[in-house]
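Here, each number is a calculation from the coordinates, and none is a lab measurement. Here the structure is a predicted model, which means the values were calculated and not measured. Here the Cβ is made from the backbone with ideal geometry for all residues, glycine too, and neighbour counts use every protein chain on show.
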Amino acid sequence: MLNQFSRTQLLLGKDGMDSLEKSRVAVFGIGGVGGYVCEALVRSGVTGFDLIDDDKVCLTNLNRQIIATRKTVGKYKVDVMKERILEINPNADVRVHKCFFLPENADEFDFSQYDYVVDAVDTVTAKIQLVMKAQAENVPVISSMGAGNKLDASMFRVADIYKTKVCPLAKVMRRELKKRGVKKLKVVYSEEMPTRPIEDMSISCRTNCICPPGAAHKCTERRDIPGSVAFVPSVAGLIIAGEVIKDITGINKTGR
């Protein structure tokens, strides 16, 4: 019967679509990368989602995040993403978690219920803990490396973490994961040398913060505020989604 996923089924087959429909994917970080991961997954037929993020949409997100519009500024990203997912597929089962994933609250998440984990968070400590928790439960996980301060979306690669190069974040992750005995990790990373952001205090969040007073988390807390554009993190997110879809349906194994 003709349905919204008919064009996808022509490529993935009915068994592939059934696998996607039955899958639950946890996306940690609903920003420039994570938002596009969710977008591609729901449009491909995934119906089970856990969305984890404590950020609200900011005016400065409009340049790159699919959930960011003038109407959504100030709303929780997970709430906006949930609404968008349900507008695309009303049958989706979406759970939201208004928190940042941290080592301190890692045990609050039952990774055994996930079929796939997407790491699209910013901090190294959170990324490492995500990987450790997912691998302890034998759940497939894919991790996004640095997408900020990049201008060439064609430089993204899919590889094992120990085969990455150039990316500063991947270098740190290699070192820390090796210490913990992690043998492998699928990542999406860029081989483009990062561009140094222009130092312009007139447009800097550091001196012109627009976060509401009392906001729990502000970008001014970062040591460095990265620059970003519409066409780089989106590509990283779509590549990640593609890997998730291919792994769930078995395409990466069969080559079909």
Report summary line: In deg cm²/dmol, rounded to the nearest 500, the helical mean residue ellipticity at 222 nm of the chain, built from -39500 (n - 2.57) for every DSSP H run of length 4 or more, is -10500 deg cm²/dmol
Query raised in the report: If you count the DSSP beta bridges with both ends in the chain, what percent of them are antiparallel, to the nearest 5?
Result: 25 percent
Report task. Pop a pseudo-label 7 angstrom from the Cα along the beta-carbon direction at both Val124 and Phe5 and give the gap in nm to one decimal. Result -> 3.9 nm
Query raised in the report: Which of Cys167, Cys38, Cys58, Cys99 comes first, and how do the rest follow, when ranked by fewest Cβ neighbours within 10 Å?
Result: Cys99, Cys58, Cys167, Cys38
Report summary line: Pseudo-spin-label distance Leu151 to Ala230, built 7 Å along Cα→Cβ, given in nm, is 1.8 nm
Report summary line: Put in order of increasing Cβ neighbours within 10 Å, starting from the fewest, Tyr189, Tyr162, Tyr76 give Tyr162, Tyr76, Tyr189
Report task. Please identify which residues in segment 115-153 have an amide N closer than 19 Å to a label point set 7 Å out from the Cα of Glu199, following the Cα→Cβ vector. Result -> 149
Query raised in the report: Along the charge dipole of the chain, which of Val229, Leu59, Met17 sits closest to the positive end, that is, farthest toward it, with unit charges on the beta carbon of Lys, Arg, Asp and Glu (+1, +1, -1, -1)?
Result: Val229
Query - Packing-based exposure ordering (other Cβ within 10 Å, fewest first) of Glu192, Glu176 - result: Glu176, Glu192
